[in-house]
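Contents: one structure, followed by commentary.
The values are calculated or read from the model by the stated rules, or taken from the named source; none is laboratory data. From a predicted model like this one, the values you see are computed outputs, not experimental measurements. So basically every Cβ, Gly included, is an ideal-geometry build from the backbone, and we count neighbours across all protein chains shown.
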Amino acid sequence: MLFPRLLRSRKPKHGHLRAPPRPPAAPAAPRGNGSSRPGAPAAGGRQRSSPLARRLATEKGIQLGGIQGTGPGGRIVKRDIENAKGTGGGAGRSAAAERLATEGDFKDVPLTQIRKTIAKRLIESNGPIPTFFLTAEFDATRAAELRTQLTEMGDQYKVSFNDIVIKAVALSLAEHAEVNAHWMGDKIRHFNRIHVAMAVAVEDGLITPVLFDADRMTLWEISEKARDLAKRARERKLLPDEYTGSTFSVSNLGMFGIDQFTAIINPPEAGILAIGGVEEKPVVSDGQLEVRQRMRVTMSCDHRVIDGATGAKFLQTVRQYIENPLSLII
């Protein structure tokens, strides 16, 4: 036979060796003799499955390794996926599928009356009110020293920074009647009396009890009244006329470590003062570098009532009281 001899006499070109012949394929497992079970992996450990079965398994978050195939040669087919449980033997369900099927993944909380009121006032304020902001940094060193001295005199003289700010704001409003005002739609109402609201965080929102005639109260009266109002606000014991009727508001987040923020005006008021925390900062004073207690405040102003210069002058007066705190107790 010429052709076999020619093949045997052919030599590899360029010195390359011929690949060794492949070993003969392993004989197929006999059918029907019990040596093959449904779902058994094919040679090499790979699970045999149809393309449709693989797609359905992916969609349902099922792993094929936990399923016994009923198709030819243990092949996993469509009916095996349809009959399988979504847990895939307890470990095959994907995290996404688990989250989608789990009940109780969220909780609807009904709105309280306070939260409804907050939402309503925010819509009234943040939308139609043309608001601008003025930020200033005050030197609170003397105010901090005054607090320390008063605390050393006894608990009855103890005051907070918030008390000092409320008193300073009340006295400043007495000098700037155009800030102590309400926008009434067709007119601006200037008040002769000064009622300062202070924001108090409660469990389900925010409430603003009012210090009426705050400019006429002593610093210690403000401190005592503010503590009482805040306590009863958290206990839900305030009467309606104790958190309505304010002419200006103060919001303080300094105790939470907030340096600066902007507060939303409580309509129909024309402004609100946001108080940041008091912290030590290096500053230059009279040409000398020293560490001072500093405090940032931001005033939100309704531009329909308060102009930029008007708000700036008001903050200048507040600064004078904060930086010269003896004027608050004389």
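Couple of notes before you dig in:
- Candidate set from the range 240-297 (those that are of a type in the set (V, I, T) and either outside the structural domain of P128 (by TED's automatic domain parsing) or assigned to a loop (DSSP other than H, G, I, E, B) (or both)); member that is nearest to the chain's Cα centre (by Cα): I258
- K167 vs. criteria of a type in the set (D, E, K, R), assigned to a helix (DSSP H, G or I) and loosely packed, with under 12 Cβ neighbours inside 10 Å: no
- Selected residue (criterion: surrounded by the fewest Cβ atoms within 10 Å (Cβ to Cβ)) from residues of the range 64-83 that are in contact (Cβ under 8 Å) with a residue 12 or more places away in the chain and within 48 Å of the chain's Cα centre (by Cα): E82
- Hey, E178 over 26 Å from P268 (Cα atoms), out of contact with any Pro (no Cβ under 6 Å at 6 or more places or on another chain) and assigned by TED's automatic domain parsing to the domain that holds Y321 or not: no
- The listed residues are Q260, Q288, and the only one of them that is out of contact with any strand residue (DSSP E or B) (no Cβ under 8 Å at 6 or more places or on another chain) and surrounded by fewer than 19 Cβ atoms within 10 Å (Cβ to Cβ) turns out to be Q288.
- For the range 223-257, the tally of residues that are among the aliphatic types (A, V, I, L, M), free of Cβ contacts under 8 Å to residues at least 60 places away in the same chain and touching a strand residue (DSSP E or B) at 6+ places or on another chain (Cβ under 6 Å) stands at 2.
- Selection of the range 291-330 for residues being aromatic (F, W, Y) and either surrounded by fewer than 20 Cβ atoms within 10 Å (Cβ to Cβ) or under 15 Å from T135 (Cβ atoms) (or both) yields only F314.
- Just one of the listed residues (K158, K187, K167) is under 23 Å from D307 (Cβ atoms) and either free of Cβ contacts under 8 Å to residues at least 12 places away in the same chain or not β-branched (V, I, T) (or both), namely K187.
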